[in-house]
Amino acid sequence: MIDKQYLKDLASRRSEHGLVLTACLSTSRLDDWKQTAPTFLKSEFSRILREQALSKEVKRGLEEDLRRILEVATYEVGRESQGLVVMADGSQELFDSVQLPLRLKNKLMAEPYPHIRPLVHALSLMEPFVVVRVSRDDSSIYVVDWWQVTHEDDFTGPYLRSGDRETGEIPVKEYFAAARQESLVDLHFKEVSTALDRLLEETGIDRVALCGQHDIAAWFRRGLSQRTAACVAAEISCDATASPAQLLLGAREAVREARIAEMEKLAERINEGLGPQGMGVAGFDQTYAALARGQVQTLLVERGFRPKGCMCEACGHIQVDLANSCPSCGGQVTPLDDALSEAVRIAVLQSSEVEVVERVALLHEMGGVAALLRFK
Ligand SMILES: [Zn+2]
């Protein structure tokens with residue numbers, strides 16, 4: 001699991017005497033990746049050497065970096081892993097690999113900075129969330145990160161906690177009479193919601209999926225603090241026979257849908273703010289100009305949008321058109337396989353929020369990239 005600080009560190013690792021080699025590989029079990037990855041990497045590497053005019057020294061450095069990357073392709077990855085990003089640059093002793101829960105397109109890149117876009121995507125799309133399963137007398141809170149449940153708290157209501165449970169003999173009539181007493185249920189919900197408040201506070205997680213029978217979930221929801229209630233992103237009905245794994249699958253899907261709806265709203269807000277007086281910008285050039293001025297609060301990026309472009313070696317200017325020299329300073333340019341990745345890297349360096357978006361038509365219409373500004 002990676003975090004924002006890790007990405008920020010990587011975003012600043014410019015190669016001093018050469019280029020950073022980044023490999024993105026799909027390691028999903030559907031792909032026979034250990035067989036295909038080495039061949040793919042070697043052939044891409046030859047292409048890079050062919051296409052870029054590099055000095056002997058830089059080439060030698062890259063060959064060594066490739067050797068180390070190929071070594072990683074012999075390791076085992078976790079069963080859940082779908083993607084692998086490996087970054088290498090011997091000139092600054094950078095060597096790191098990260099397994100991701102996202103499927104990646106196979107790629108090899110040699111660029112001035114590590115190609116961190118897939119990592120940013122994973123952090124944005126796979127944000128951890130909390131699942132609260134509520135019932136009258138027995139509730140649970142789960143924290144889910146990108147792979148699995150990392151934390152679980154179980155709460156037993158006041159009645160079930162009494163001696164009867166220990167002996168295993170619950171007098172049925174008495175149980176129903178008591179468990180349905182509102183005050184006992186309220187007490188139980190109070191305990192769960194207090195723990196939930198604390199958990200959200202401590203972890204900074206801001207999406208909660210509520211699972212339970214609708215009337216029970218609504219009851220629980222009424223007792224939540226305003227702040228916690230605002231974090232409830234989804235509610236799913238809970239089948240008593242559902243296994244925890246099924247429950248989490250349903251919750252993950254519901255949270256994903258809720259996130260898309262949030263991103264649609266954000267795209268609308270940006271779209272309404274376009275124009276000289278507004279707080280929105282859209283399209284690569286405008287968004288990049290706003291980034292260069294440090295104005296971006298939230299960068300919105302379409303997942304599949306990867307425009308080719310180039311970057312000035314002298315002043316760092318990025319553009320999507322291929323040019324022979326920098327239009328801004330006349331300096332030499334390096335080709336970029338994905339110019340938007342550079343914009344993402346700058347946003348990470350500036351501590352802007354980066355949201356990666358799928359299935360939002362409005363963002364596509366705005367050119368695949370847009371931003372909400374923090375100042376004008
Ligand atoms: Zn320049």
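The values are calculated or read from the model by the stated rules, or taken from the named source; none is laboratory data. Predicted model, so just to flag it, every value in this text is computed and none were measured. Here Cβ is always computed from backbone atoms with ideal geometry, including for glycine, and neighbour counts include all displayed protein chains.
Annotations for the structure displayed:
- Residue list for the stretch 320-342, filter: within 26 Å of the chain's Cα centre (by Cα), within 16 Å of the ligand (Cβ to nearest atom) and modelled with pLDDT of 90 or more: Val320, Ala339, Glu342
- Breaking point among (1) at pLDDT below 75; (2) more than 23 Å from Ser243 (Cα to Cα), for Gly204: (1)
- On the stretch given as the stretch 337-353, residues that are of a type in the set (A, V, I, L, M, F, W, C) and more than 15 Å from Gly304 (Cα to Cα) total 4.
- Counting only strands (runs of 3 or more DSSP E) that sit wholly inside the stretch 60-150, those with at least 2 residues that are among the charged types (D, E, K, R) and not assigned by TED's automatic domain parsing to the domain that holds Val301 are 107-111.
- Criterion: surrounded by 15 or more Cβ atoms within 10 Å (Cβ to Cβ), small (Gly, Ala, Ser) and not assigned by TED's automatic domain parsing to the domain that holds Leu54 - qualifying residue of Gly309, Gly304, Gly330: Gly309
- Residues of the stretch 119-152 that turn out to be hydrophobic (A, V, I, L, M, F, W, C) and more than 14 Å from Gly83 (Cβ to Cβ), as a count: 9
- Any hit, the stretch 68-77, residues being under 23 Å from the mean Cα position of the chain (by Cα) and in contact (Cβ under 8 Å) with a residue 12 or more places away in the chain: yes
- The stretch 116-135: number of residues that are surrounded by fewer than 22 Cβ atoms within 10 Å (Cβ to Cβ) and among the basic types (Lys, Arg): 0
- Every residue from the stretch 285-303 that is outside any strand (DSSP E or B) and among the charged types (D, E, K, R): Asp285, Arg293, Arg303
- Failed item, numbered, when Arg13 is tested on (1) in a loop (DSSP other than H, G, I, E, B); (2) surrounded by fewer than 15 Cβ atoms within 10 Å (Cβ to Cβ): (2)
- Qualifying residue in the stretch 276-285 (condition: in contact with a Leu (Cβ under 8 Å, 6 or more places away or on another chain), at pLDDT 90 or above and closer than 21 Å to Tyr113 by Cα): yes
- With respect to the conditions (1) within 16 Å of the ligand (Cβ to nearest atom); (2) without any contact (Cβ under 8 Å) to a residue 24 or more places away in the chain, Asp285 falls short on a single one, namely (2).
- Per-region count, the stretch 223-253, residues surrounded by fewer than 20 Cβ atoms within 10 Å (Cβ to Cβ), assigned to a helix (DSSP H, G or I) and at pLDDT 95 or above: 5
- Pair list, Cβ under 7 Å, 6 or more apart: the stretch 308-335 residue free of Cβ contacts under 8 Å to residues at least 24 places away in the same chain, other residue charged (D, E, K, R) and near the ligand (Cβ under 9 Å from one of its atoms): Gly331/Glu313; Gln332/Glu313; Val333/Glu313
- Residue that is nearest to the ligand (Cβ to nearest atom), among those in the stretch 306-319 that are in a loop (DSSP other than H, G, I, E, B) and closer than 22 Å to Val369 by Cα: His317
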